[in-house]
Structures are given as C-alpha cells and as structure tokens.
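Chemist: Attaching a single structure in structure tokens format; questions to follow.
Nothing in this text is a laboratory measurement; each read-out follows from the coordinates by a stated rule. Quick caveat: nothing in here was measured; it's all calculated off a predicted structure. Please note: Cβ atoms are built from the backbone with ideal geometry, for glycine as well, and neighbour counts cover all protein chains shown.
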Amino acid sequence: MNAASRPVQFLLNGIAVKAGDVAPTRTVLDYLREDQRCVGTKEGCAEGDCGACTVVVGELVDDALQLRAVNACIQFVPMLDGKALFTVEYLRGRDRSLHPVQQAMVDCHGSQCGFCTPGFIMSLWNCYVDHAGTDTRPDRTELATALSGNLCRCTGYRPIIDAGEAMFTYPAVALDRASIEQQLRDMRSSESLNLSHGSITYHAPRQLAELTALRERKPDCTLLAGCTDIGLWVNKQFRDLGDIVYVCSVDELKTIKHADTHLRIGAAVSLSDAYAAMTRHYPQLQEMWERFASVPIRNAGTLGGNVANGSPIGDSMPWLIALCARVVLTSSRHSRTIDLQELYVDYQVNSMSPEEIVEAIELPLPAPGLVFRTYKLSKRYDSDISAVCAAFALYMDGERIITARVAFGGMAAIPRRASACEAALAGKLWTESTAQAAMAALGNDFTPLDDMRASANYRSRTAANLLYRFFLETRADNALPASRTSVFDFARQESPV
Ligand SMILES: Cc1cc2nc3c(=O)[nH]c(=O)nc-3n(C[C@H](O)[C@H](O)[C@H](O)COP(=O)(O)OP(=O)(O)OC[C@H]3O[C@@H](n4cnc5c(N)ncnc54)[C@H](O)[C@@H]3O)c2cc1C
Ligand code: FES
Ligand code: FES
C-alpha cells in the first residue's frame with residue numbers, strides 16, 4: 001500500500017499541484033511529459049548532457065525567490081517539494097504571444113529542427129529573469145556560460161547567442177516574483193516529507209538530527225543530494241535505490257560559514273554556490289569552476305555529493321586534497337573531522353561508516369607563501385569529464401619549497417596524492433631542475449589505466465606536462481597567463497550580419 005505523511009506539493013508554472021502517489025524515482029521529465037502533458041520539455045540523452053530537458057526551479061533562499069536552470073531528466077519528483085517548477089509552457093503570453101526570449105530566437109534564426117530549442121529557451125529565460133529590472137546585461141561570454149549545458153546539432157550556436165543579446169531589446173515581460181514568493185511561503189510545510197511507494201520509502205528530513213537518526217535506522221538507504229550522479233544510476237543502469245533519504249531539505253547542510261582559518265561548506269550546498277565562495281579565496285579555481293560540468297549540473301549537484309561519490313575522475317577532490325581540505329563525518333552519536341584524502345580507500349570504497357553522512361567540507365584559507373594551481377584535461381572545454389585532473393600546492397619560503405602537496409584524478413582508482421613527486425619537491429629551490437626531477441618522480445607514483453577517455457601513456461605524459469606547465473606559470477622569473485580555449489569561442493564572436 002502506498003502512503004504519504006503528506007503529498008509532494010509544489011508550483012507548476014505558477015499553479016499549486018500535489019502529487020500524493022508518486023514513485024520516489026519518477027523523473028521530473030517523465031512526470032511533465034506523461035502525467036502533466038507538458039511536452040515542450042524534451043528528452044535527448046536522459047543523463048544530463050544535452051539540455052533538451054532544461055527547466056527552471058525556484059525556491060526561497062533567505063525568503064527571496066532564487067531561480068536556477070536544472071536538467072529535468074535527472075531530478076526526481078519528490079525533490080520538487082516546496083519549490084516552483086517552470087517549463088517552456090509558462091512563457092506563452094495570455095494572448096498566446098511569444099515571450100521576448102522566444103521572439104528573439106525566431107528573429108535571430110536560433111532554431112532549426114527545434115528539438116533542443118525549449119531547453120535553450122529555458123536557460124536563456126533564467127538569464128533573462130535574473131537580469132530583468134537591473135542595468136546589467138550578460139555579454140556573449142556570460143551567455144555562452146549560461147548555455148554550457150545545452151547542445152544543438154543544427155544552428156552552430158552563434159544565432160542562439162545573438163538571440164540572448166537581442167531578447168532584452170523587446171518590450172519587457174516581468175516575472176511576478178512577489179506573487180510566487182507568497183505562494184511558496186503559503187505552501188511551506190513544517191512537516192518533513194515521508195513517502196512510501198510499494199516497498200520503497202522516501203524521506204526528506206528537515207533537521208540534521210532527524211537525518212542522522214534515519215541514517216542509523218536505515219544504514220542501507222541511498223542518501224540523495226542533487227541527483228546528478230544518482231539520476232544516471234536509475235536512468236542508465238536501472239539500479240534499484242532501495243529506501244531513499246534526501247539530504248537537501250536540511251538547512252544545517254545548506255550553509256557556508258566563514259571561520260578565521262577556513263571555509264566550512266555544508267554538504268548540501270550546490271556546486272554553483274560552493275565554487276562561488278571558494279573561488280573568492282582561491283581565484284585559481286575559476287577555470288575549474290567554469291569547466292565543472294555545466295550550469296544546470298552545478299545548480300543541482302552538491303559539493304558533498306562530489307566528495308562522497310569520490311569518483312577517481314571527479315574534479316573537486318584533487319585540489320581539495322592538495323589544499324589540505326578536511327571532511328566532517330557525522331552520525332547520531334558522534335562527529336569526526338578527517339583529512340579528505342583519508343576518506344578514499346579503494347575504487348568506490350570509502351572510510352565512512354554505514355551510519356555516517358558527510359556533513360561539511362572544510363577548506364583552509366590560503367596560507368602565506370602558497371603557490372597553487374589546478375588543471376583539467378578533457379576532450380571538450382564545457383561539460384566533459386576529466387581524463388586527467390591535477391592540483392599542485394607549494395608552501396614556499398621565498399624561492400624554497402617547504403612542503404609540496406600534489407594530487408591527481410584520473411591516474412589511479414581513487415583521487416590521491418603523488419608522494420614520490422612531493423618528496424622530489426620538498427626542501428628544494430623551485431627551479432627547472434627541481435621541476436624535471438619531480439616530473440620524473442611521477443612515474444613512481446602512478447600506473448594509470450587505459451580507457452575510453454585516455455590511454456595510460458597519454459595520462460602519464462600529460463600528468464608530467466601539467467607539472468611543467470605549473471612550473472612555467474609560477475617560476476620566479478615568469479608568469480604565463482592561464483590559457484583558455486572553449487568550444488563556444490567561435491560563438492562568442494559578434495554576428496557578422
Ligand atoms: C552531465 C554530467 C556532467 C558531469 N560533469 C562532472 C564534472 O565535470 N566533474 C565532476 O567531478 N563531476 C561531474 N559530474 C558528476 C556529478 O555532477 C558530481 O559528482 C556531483 O557533485 C554529485 O553531486 P550530487 O549532489 O548530484 O550527488 P548525488 O547524485 O545526489 O549523490 C552522489 C553520491 O554521493 C552520496 N551522497 C550525497 N550526499 C551525501 C552526504 N551528505 N553524505 C554522504 N553521502 C552523500 C550519494 O549517496 C551518492 O552515493 C557530472 C554529472 C553529469 C550528469
Ligand atoms: S535529456 Fe539530455 S540533459 Fe536531460
Ligand atoms: S535546432 Fe536542431 S538540435 Fe538545435
């Protein structure tokens with residue numbers, strides 16, 4: 001028998017809806033298309049890559065509406081509880097007129113076969129409403145970033161970016177934020193969501209104590225955060241998740257705290273917010289931030305999920321480890337803080353006990369004398385998984401390296417440090433010969449795998465070359481600008497027309 005403490009309740013295009021008997025892993029995309037007949041939202045890949053399913057989700061943050069584009073194909077319906085969902089159907093005027101975003105796409109020839117178009121429209125709409133009522137307008141680079149999660153096989157992107165510029169030139173259509181905020185306040189329930197569907201339960205606790213108690217009671221449950229890894233387990237691997245405990249309704253896990261010595265980032269803070277905060281202290285992270293997946297994935301995914309999943313090709317772990325980050329593991333009985341590197345034991349094996357959760361990640365603030373860089377190598381600039389991810393942190397006294405922390409992703413079964421390389425750096429002057437010795441030492445640290453992303457030879461050679469690039473960028477007598485190339489570079493250029 002299916003039961004719920006209360007139904008899942010949210011706004012769909014401004015109208016309150018309740019979903020009482022919904023499978024916990026029913027995707028928002030299937031729900032929209034099959035249950036609500038909102039078929040504007042399309043399915044291309046069902047794994048967060050193509051953006052055909054892009055919708056915008058709004059929630060109250062500090063009592064104000066925050067709107068963010070996400071991929072409907074890898075969000076589950078109960079995750080919408082208390083939120084506002086907007087689809088392309090919302091944009092049509094009462095008189096059936098097109099929204100400025102849509103009209104601009106028509107006028108700039110931003111659509112051909114049209115399959116990707118609703119997804120592009122929703123990413124652009126998110127941009128439009130964020131800038132409405134302000135004097136700022138996104139430039140072509142910002143528009144390309146906003147569209148980093150949308151693929152089009154027809155247009156070549158330039159006309160779509162033209163439309164992103166042109167959409168602000170039509171008579172403005174304002175979003176009634178105040179009314180949506182009030183609807184969200186009215187809908188807010190003090191009661192946690194608990195669903196049961198067949199033999200599966202779904203819980204969305206509100207308090208940390210409630211979450212850890214549930215975890216202790218159900219150590220085999222699946223902890224669900226942004227669903228950007230888990231969504232693929234369901235859609236692509238058809239995995240049965242068993243009971244699900246959603247962590248992102250717990251306010252304590254959604255805060256970023258600034259202490260004197262470190263930043264404390266709650267496990268349920270989105271990648272977008274976490275990277276924004278961390279990049280303020282470490283501007284060297286800017287490129288990694290832009291290249292981590294795409295805007296919709298960063299809006300949904302969390303730093304806690306990235307760290308807990310601990311993929312050997314994940315992008316946050318190498319530089320977090322190099323910067324001596326720590327992870328706070330909490331259960332109903334205790335809380336302990338360990339160095340992040342100690343979390344990873346073997347491929348998909350970590351040192352968390354079954355009743356623990358990741359509560360937060362602590363990132364030390366930059367130390368005096370720190371020289372730091374992180375690099376990602378992947379086939380595409382945006383929205384691609386790393387073949388190799390490298391992070392180098394040298395703690396220097398003048399020209400001399402006191403200690404070195406070097407960590408890699410893509411080189412072993414877990415993200416991990418390169419101890420032979422570190423030993424070759426410690427105590428030495430930061431010179432060409434030191435860099436060459438450290439590059440050679442890397443050969444003792446790793447025996448990488450061959451796989452579809454890169455051969456072992458490619459990985460070994462590029463790992464050493466990244467270390468050399470780090471040397472060239474940071475040696476005393478020269479600092480090369482970080483180079484950047486994007487698949488969108490051509491699209492960023494002005495329209496010739
Ligand atoms: C299209 C696409 C592109 C991607 N690109 C990148 C990329 O460039 N770089 C990269 O590193 N990753 C990438 N990813 C992977 C993914 O986005 C990240 O790993 C993300 O940080 C996962 O966070 P989440 O909140 O979505 O986790 P979820 O999918 O919800 O969960 C992931 C894992 O973490 C566990 N978990 C979550 N929260 C907690 C917690 N608080 N305590 C204990 N366990 C917890 C879950 O049980 C699960 O095992 C990509 C994914 C997609 C779909
Ligand atoms: S269908 Fe491709 S990202 Fe969702
Ligand atoms: S218009 Fe055909 S895929 Fe974009």
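Chemist: Does the chain come out rounded, prolate or oblate, given a ≥ b ≥ c as the square roots of the eigenvalues of its C-alpha gyration tensor, rounded meaning a/c under 1.5 and, failing that, prolate meaning a/b above b/c? Before the final figure, lay out each step's value.
Modeler: Values: a/c = 1.96, a/b = 1.31, b/c = 1.50.
In terms of gyration-tensor shape, oblate.
Chemist: Still on this model: Restricting to DSSP loop positions (anything but H, G, I, E, B) with no more than 13 other Cβ atoms inside 10 Å of their own Cβ, which trypsin sites (Lys or Arg not before Pro) remain in region 332-420? Each step should come with its number before you reach the end.
Modeler: Working: sites: ARG333, ARG336, ARG373, LYS376, LYS379, ARG380, ARG400, ARG405, ARG416, ARG417; in loops: ARG333, LYS379, ARG380.
Answer in residue order: ARG333, LYS379, ARG380.
Chemist: Where in the chain is the longest stretch that carries no GluC sites (Glu not before Pro) classed as loop by DSSP and with at most 15 other Cβ atoms within 10 Å? Walk me through the numbers before you get to the answer.
Modeler: On the way: sites that count: GLU47, GLU191, GLU399, GLU494.
Answer - 192-398.
Chemist: Next question. Considering only VAL106, LEU143, SER419, whose Cα is most displaced toward the positive end of the charge dipole of the chain, charges sitting on Cβ of Lys, Arg (+1) and Asp, Glu (-1)?
Modeler: SER419
Chemist: Quick one: Cα centre-to-centre distance for region 4-49 and region 405-434, in angstrom?
Modeler: Each part reduced to its Cα centre gives a spacing of 47 Å.
Chemist: Which residue, chosen from HIS262, LEU472, THR222, occupies the Cα position most advanced towards the positive end of the dipole of the chain, where the dipole is computed from +1 (Lys, Arg) and -1 (Asp, Glu) charges on Cβ about the Cα centre?
Modeler: Result: LEU472.
Chemist: Also, quick follow-up: Can you pull the three principal axis extents for the Cα set of region 1-93, in Å, largest first?
Modeler: Principal-axis extents of region 1-93 (Cα, largest first): 36, 33, 25 Å.
Chemist: Here is a follow-up. Let's see if you can work this out: charge +1 on each Lys and Arg Cβ, -1 on each Asp and Glu Cβ, no other charges. What is the dipole magnitude of the chain about its Cα centre, in debye to the nearest 20?
Modeler: For the chain, the charge dipole is close to 420 debye.
Chemist: Decide, for region 10-188, between rounded, prolate and oblate: order the square roots of the alpha carbon gyration tensor eigenvalues as a ≥ b ≥ c, take rounded if a/c falls under 1.5, and otherwise choose prolate if a/b is larger than b/c, else oblate. Could you put the intermediate results ahead of the total?
Modeler: Working: a/c = 1.81, a/b = 1.26, b/c = 1.43.
It is oblate, given that a/c is not under 1.5 and a/b is not larger than b/c.
Chemist: What is the list of residues in region 27-67 whose amide nitrogen lies under 20 Å from a point 7 angstrom out from the Cα of GLN182, following Cα to Cβ?
Modeler: Residues passing the 20 Å test: 58-67.
Chemist: At what distance in nm do the modelled label points of ALA174 and SER353 sit from each other, each positioned 7 Å from its Cα along Cα→Cβ?
Modeler: Here the answer is 5.6 nm between the modelled labels.
Chemist: Another question, then. Could you list, in their original order, any pairs among LYS42/LYS376; LYS236/LYS257; LYS83/LYS254; LYS42/LYS218; LYS42/LYS236; LYS257/LYS376 whose Cα atoms are separated by more than 26 Å?
Modeler: Numbers: LYS42/LYS376 31 Å; LYS236/LYS257 36 Å; LYS83/LYS254 16 Å; LYS42/LYS218 36 Å; LYS42/LYS236 17 Å; LYS257/LYS376 28 Å.
Over 26 Å apart, Cα to Cα: LYS42/LYS376; LYS236/LYS257; LYS42/LYS218; LYS257/LYS376.
Chemist: List residues of region 308-332, by number, whose backbone nitrogen lies under 15 Å from a label position 7 Å along Cα→C-beta of SER419.
Modeler: No residue qualifies, since no backbone N sits under 15 Å from the label point.
Chemist: Turning to a different aspect of this structure: Using every Cα-Cα pair within region 263-414, state what percent have a distance larger than 26 Å. Present the calculation step by step, with values, prior to reporting the outcome.
Modeler: On the way: 2552 of 11476 pairs.
Roughly 22 percent, once rounded to a whole number.
Chemist: Say the dipole of the chain comes from +1 at the beta carbon of Lys and Arg and -1 at that of Asp and Glu; which of PHE86, GLY304, MET439 then lies farthest toward its positive end?
Modeler: It is MET439, whose Cα lies furthest towards the positive end.
Chemist: With no solvent and one point per C-alpha, what does the Debye sum give as log10 I(q)/I(0) for region 142-239 at q = 0.14, 0.21, 0.22 Å⁻¹?
Modeler: Normalising to I(0) and taking log10 leaves -0.92, -1.12, -1.17.
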